[in-house]
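The values are calculated or read from the model by the stated rules, or taken from the named source; none is laboratory data. All figures in this text were calculated on a predicted structure; none of them were measured in a lab. So basically every Cβ, Gly included, is an ideal-geometry build from the backbone, and we count neighbours across all protein chains shown. All accessible areas refer to the heavy atoms of the entire protein, side chains included, with ligands and DNA or RNA removed. Shrake-Rupley method; radii C 1.70, N 1.55, O 1.52, S 1.80 Å.
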Amino acid sequence: MQYSLSTQIIALAGLTQALKLVQTVARSTNVDKDTLSIMLNSVAVVDAEEPLQIYGNQPENLKTGLQLIVDQLGDKPQKDVELTRYIVGVLALERKLSKTPANLKKLGDKLQHLERQLQHFSITDDNMLANLADIYSDCISSLGGRIQIYGQPELLKLPAVQHKVRALLLAAIRSAVLWRQAGGSRLNFIFKRRKLVAQAKDMLAQLPSSSL
């Protein structure tokens, strides 16, 4: 995968967009199904030649994530502290995963099986969501350092909501893998913050006018 700032931005946009959806699912039953599908389908794309292929090969599919980068890393005084906490937690889990060969192999095997299932089922099918949630629990949660999710208690008690949350956390992990592969690290948020924001703004400006 490309070791570049533009790839880092694509990965970070995917990461923040998946986690924003976690926040939405934890608080509301109104979730954009197209955006949900884009993020969940990214989990099954393991051999992309270009980073955008992971997210449907359309930069506008990451518009929300790109704007979140600008909001979270830019000069806007009000930051979403909860979203930042989720980002830090996912990046920490991905680092643990990268250092655990057994879990990496197990994850790879399960994703191959998932790819075959997608030939017959939609990624948002209830059974597929349950499968994604199981993959997250088995390969990621087992590493320790579980992420505490905040939202409406009555929603978070529902198995269907729990499945969506875990599935989206798996999608966030997938983006975190791309972030690391592209040379992203915690230090980038300190020393390359302005470059990341500028790159995100450039990508937003290049989106078709109909998407703005």
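Would it be correct to say that residue 121 is buried (at least 16 other Cβ atoms within 10 Å of the Cβ), out of contact with any Lys or Arg (no Cβ under 6 Å at 6 or more places or on another chain) and aromatic (Phe, Trp, Tyr)?
No.
Residues being open to solvent by 70 Å² or more (accessible area, probe 1.4 Å) and either within 21 Å of residue 206 (Cβ to Cβ) or in contact with a helix residue (DSSP H, G or I) (Cβ under 7 Å, 6 or more places away or on another chain) (or both): count how many of those fall in region 47-62.
Number of matching residues: 5.
Return a yes/no flag: does region 168-184 have any residue that is open to solvent by less than 80 Å² (accessible area, probe 1.4 Å) and more than 16 Å from the chain's Cα centre (by Cα).
yes
Please work out if residue 113 is open to solvent by 20 Å² or more (accessible area, probe 1.4 Å), free of Cβ contacts under 8 Å to residues at least 12 places away in the same chain and part of a helix (DSSP H, G or I).
Yes; evaluated as a whole, the condition is true for this residue.
Check region 129-140 and report whether any residue there is exposed (fewer than 15 other Cβ atoms within 10 Å of the Cβ) and part of a helix (DSSP H, G or I).
yes
Of all the residues that make up region 9-35, how many are open to solvent by 10 Å² or more (accessible area, probe 1.4 Å) and either of a type in the set (Gly, Ala, Ser) or in a helix (DSSP H, G or I) (or both)?
Summing the residues that are open to solvent by 10 Å² or more (accessible area, probe 1.4 Å) and either of a type in the set (Gly, Ala, Ser) or in a helix (DSSP H, G or I) (or both) in region 9-35 gives 9.
Touching a residue at least 40 places away in the same chain (Cβ under 8 Å), open to solvent by 10 Å² or more (accessible area, probe 1.4 Å) and either under 15 Å from residue 168 (Cα atoms) or touching a Leu at 6+ places or on another chain (Cβ under 8 Å) (or both): is that true of residue 42 in this structure?
no
Could you tell me whether residue 201 is modelled with pLDDT under 95 and open to solvent by 60 Å² or more (accessible area, probe 1.4 Å)?
The answer is no for residue 201.
Condition first: touching a residue at least 12 places away in the same chain (Cβ under 8 Å), open to solvent by less than 60 Å² (accessible area, probe 1.4 Å) and under 17 Å from residue 21 (Cβ atoms). Now tell me which residues in region 63-79 satisfy that.
Matches in region 63-79: 65, 66, 68, 69, 72.
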